Amino acid sequence: MTSAEDFVIQLALEKGLLTKSQIEAARGFIAGHTDLTKAPPKLMEVLIAEKIVASTQLSKLLADEFGMPTVDLNTTRVSTEMISVLPRPMAARYNVFPLSKEGNTLRIAISDPLDVSSLDELGHVLKLTIDPSVAPLEEIKEAIERFYGKDAASIDQLLSNFSASEGMDSVSLAGEEATGAVETDAPIIKLVHSLILEAIQRRASDIHLEPMEKRFRVRYRIDGVLLEVENPPKRLQPAILSRLKIMANISIAEKRIPQDGRIQVNMGGKSLDLRVSSLPTAHGESIVMRILDKEGLQLGLPELGFFSDDQLVMERLIAMPDGIMLVTGPTGSGKTTTLYSCLHFINKPDRKIITVEDPVEYQLNGINQVPVRHEVGMTFASALRAMLRQAPNIVMVGEIRDLETAEIAINASLTGHMVFSTLHTNDAPGAVSRLIDIGVKPFLVSTSLRAIMAQRLVRKVCKQCKKPYTPDSKELRALNITQQQAASATFMKGGGCPNCNGTGYRSRYGIFEIFVVNDEIQRMIYEHAGTSALREKARSLGMRTMREDGVRKVISGQTTIEEVVSITVGDAS
């Protein structure tokens, strides 16, 4: 017997639900088990099957012992919104069922109050406080089938194909048969495909597979937020990693250095690229897969989040015949998507567009894309120098990282080319100081720079569950929203539904700060004006900060105060 079963049996004896003779009779039944193809039944299973004690009695016994309520799942009804809070794989893994949610507290049905570690882990994954009620295990399993549907595929179903020895066999075969899948690899292949498919269906932008000391953690980044999902067993870690490396066409024998590769996925006639990065860690190789959707790059400027006034400014800027247009922001702020959407907007048959990128994330029709290859000397600077001999109209440099690249890009802009590029700065005026800091002469910056746009991504309120709400005075003060603005505003919040996985948000778009370089700004840059002076002048000329653009989107009901405050903390002043 397990320690949990021992505890329940002893408790039932003390409370008079069972007698020693009944327990001995059940043990005798187990001892007479002769079918060697099946595992012998557990003592508790025999006692319930022989109707010596009812499962509901044992649930009531445990609930009373631990001071928990009981719940009858045969008569319980829950909404589809509740089902979305706790995904099926998680419910099946922990043998729990969601009942209701109030604020940050999730009430669930459990069968084993002794399994405190699972409750703690579940609360950590969901970022919710767990309030348990007790129900028989068979009722929980039946409720999962009834409410989630019997045909829903889960990783548990795939893992049922494994025994401990099969998992280890797959590891060695994956290493030996790099030319193709062998029969014993089939469950691993299905499991890996399931992980990727689930990520795509849930609109994840990244899949993180992270080896820990005692577990193999899998997380999806959805709308910029990491969400832990059901973790495969630790023993399958080598087989899963080897399978992914084979798919990405990178060496499975090399585990000491970082490697990069690509996987192409076809899903419902839609082609997706997965950019794969492996990194050796203390407990195995960590793999991150960036899911690249080409269709997301063919967005118009309104879909990126521009209001009509900013859209007109952007259309004018990107249609200029020469100069430099910079997009700034931290990693993951959507700079690449914005640049590609701009290129898509101006990609016409009469224009030649060449890009140099590290790496080429998306492959676009009608555009010449050059990958950086440091190992053969193909750097940003050398590629850019060679590109200019191809007589392009428009050039995109993935990132300006050093003086050499910056100088060539500026010289290109001064000789009749329109140059797009990115910098890692917190705001738009700060990009001027960054260029000067890396060694570009101020007079070159002032004459070549046309505009700088800083951006961040905020989550959009889910359209299917959004509801009007009235923020309190503290929330309004957080974004300096006046009572006059609030009176005409349409504040919205998502209640949580299956469409948004219970978060209240679905998808993201940008908030922007567009710094246009006019004659006055040019003169200030030439005279070595600091970032604060440039920012003050730009504000006086009508530039909106990212926080102010976020406020416009809060007032129009597109996002929430919490979202804009968290993304623009550095812009509070």
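The values are calculated or read from the model by the stated rules, or taken from the named source; none is laboratory data. Remember, it's a predicted structure, so these values are computed and weren't measured experimentally. Note: ideal-geometry Cβ built from the backbone for every residue, glycine included; neighbour counts use all protein chains shown. Each accessible area value is taken on the protein alone, full model and side chains, heavy atoms only, with ligands, DNA and RNA left out. Shrake-Rupley method; radii C 1.70, N 1.55, O 1.52, S 1.80 Å.
Assorted remarks:
- Among the candidates Ala199, Ala153, residue that is modelled with pLDDT under 70 and either open to solvent by 50 Å² or more (accessible area, probe 1.4 Å) or within 28 Å of the chain's Cα centre (by Cα) (or both): Ala153
- The residues listed here are Phe66, Phe97; of these, the one that is open to solvent by 50 Å² or more (accessible area, probe 1.4 Å) and among the hydrophobic types (A, V, I, L, M, F, W, C) is Phe66.
- Residues of segment 337-360 that are assigned to a helix (DSSP H, G or I) and buried (at least 19 other Cβ atoms within 10 Å of the Cβ): Thr337, Thr338, Leu339, Tyr340, Ser341, Cys342, Leu343.
- Flag if Ala239 is closer than 30 Å to Asp549 by Cβ, among the small types (Gly, Ala, Ser) and more than 23 Å from the chain's Cα centre (by Cα): no
- Selection count, segment 308-333, where residues are surrounded by fewer than 20 Cβ atoms within 10 Å (Cβ to Cβ) and either under 19 Å from Asp223 (Cα atoms) or free of Cβ contacts under 8 Å to residues at least 60 places away in the same chain (or both): 10
- Whenever a residue of segment 516-536 is touching a residue at least 12 places away in the same chain (Cβ under 8 Å) and more than 21 Å from Met314 (Cα to Cα), its partners that are among the charged types (D, E, K, R) and open to solvent by 50 Å² or more (accessible area, probe 1.4 Å), lying with C-beta atoms within less than 9 angstrom and at least six residues away or across chains, give the pairs Met524/Lys537.
- Residue list for segment 54-92, restricted to those being within 18 Å of Val229 (Cβ to Cβ) and touching a Leu at 6+ places or on another chain (Cβ under 9 Å): Val85, Leu86, Met90
- Residue check for Asn499: of a type in the set (S, T, N, Q), within 30 Å of the chain's Cα centre (by Cα) and closer than 30 Å to Met82 by Cβ: yes
- Cβ-Cβ under 8 Å pairs, at least 6 apart or on other chains, segment 40-61 side free of Cβ contacts under 8 Å to residues at least 12 places away in the same chain and within 12 Å of Pro136 (Cα to Cα), far side among the hydroxyl-bearing types (Ser, Thr, Tyr) and open to solvent by less than 30 Å² (accessible area, probe 1.4 Å): Ile48/Ser55
- Top-ranked residue in segment 205-225 [being of a type in the set (A, V, I, L, M, F, W, C) and open to solvent by 10 Å² or more (accessible area, probe 1.4 Å); ranked as farthest from Arg506 (Cα to Cα)]: Met212
Matching residues to (1) open to solvent by 30 Å² or more (accessible area, probe 1.4 Å); (2) at pLDDT 70 or above; (3) touching a Pro at 6+ places or on another chain (Cβ under 9 Å):
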residue: Leu13; (1), (2), (3): yes, yes, no
residue: Arg27; (1), (2), (3): yes, yes, no
residue: Val78; (1), (2), (3): no, yes, yes
residue: Glu81; (1), (2), (3): yes, no, yes
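- Meets criteria (on the phi > 0 side of the Ramachandran plot and modelled with pLDDT under 90) for Gly268: yes
- Residues that are hydrophobic (A, V, I, L, M, F, W, C) and either buried (at least 18 other Cβ atoms within 10 Å of the Cβ) or touching a strand residue (DSSP E or B) at 6+ places or on another chain (Cβ under 8 Å) (or both) within segment 115-136 comprise Leu119, Leu122, Val125, Leu126, Leu128, Ile130, Val134, Ala135, listed in sequence order.
- Checked against the criteria, Ser117 does not count as at pLDDT 85 or above, among the polar types (S, T, N, Q) and under 25 Å from Val8 (Cα atoms).
- In summary, helices (runs of 4 or more DSSP H) completely within segment 73-148 and bearing 3 or more residues that are over 23 Å from Arg215 (Cβ atoms) occur at 80-85, 137-148.
- Total residues in segment 316-337, condition of a type in the set (Ser, Thr, Tyr) and modelled with pLDDT of 90 or more: 1
The rows are residues; the columns are (1) touching a Pro at 6+ places or on another chain (Cβ under 7 Å); (2) within 20 Å of Lys460 (Cα to Cα); (3) of a type in the set (S, T, N, Q).
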{"residue": "Tyr526", "(1), (2), (3)": "yes, no, no"}
{"residue": "Ala529", "(1), (2), (3)": "no, no, no"}
{"residue": "Leu534", "(1), (2), (3)": "yes, no, no"}
{"residue": "Val551", "(1), (2), (3)": "no, yes, no"}
{"residue": "Ser556", "(1), (2), (3)": "no, yes, yes"}
{"residue": "Glu562", "(1), (2), (3)": "no, yes, no"}
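- Selection count, segment 363-392, where residues are touching a residue at least 12 places away in the same chain (Cβ under 8 Å), among the hydrophobic types (A, V, I, L, M, F, W, C) and surrounded by fewer than 13 Cβ atoms within 10 Å (Cβ to Cβ): 1
- Scanning segment 51-70 for residues that are out of contact with any strand residue (DSSP E or B) (no Cβ under 7 Å at 6 or more places or on another chain) and within 18 Å of Gly16 (Cβ to Cβ) returns Lys51, Ile52, Val53, Ala54, Ser55, Thr56, Gln57, Leu58, Leu61, Asp64, Glu65.
- Sole residue being in a helix (DSSP H, G or I), more than 20 Å from Val229 (Cβ to Cβ), open to solvent by less than 30 Å² (accessible area, probe 1.4 Å) and modelled with pLDDT under 80, chosen from Ala174, Ala186: Ala174
- Checked against (1) open to solvent by less than 30 Å² (accessible area, probe 1.4 Å); (2) more than 26 Å from Val8 (Cα to Cα); (3) at pLDDT 80 or above, Asn104 passes all but condition (1).
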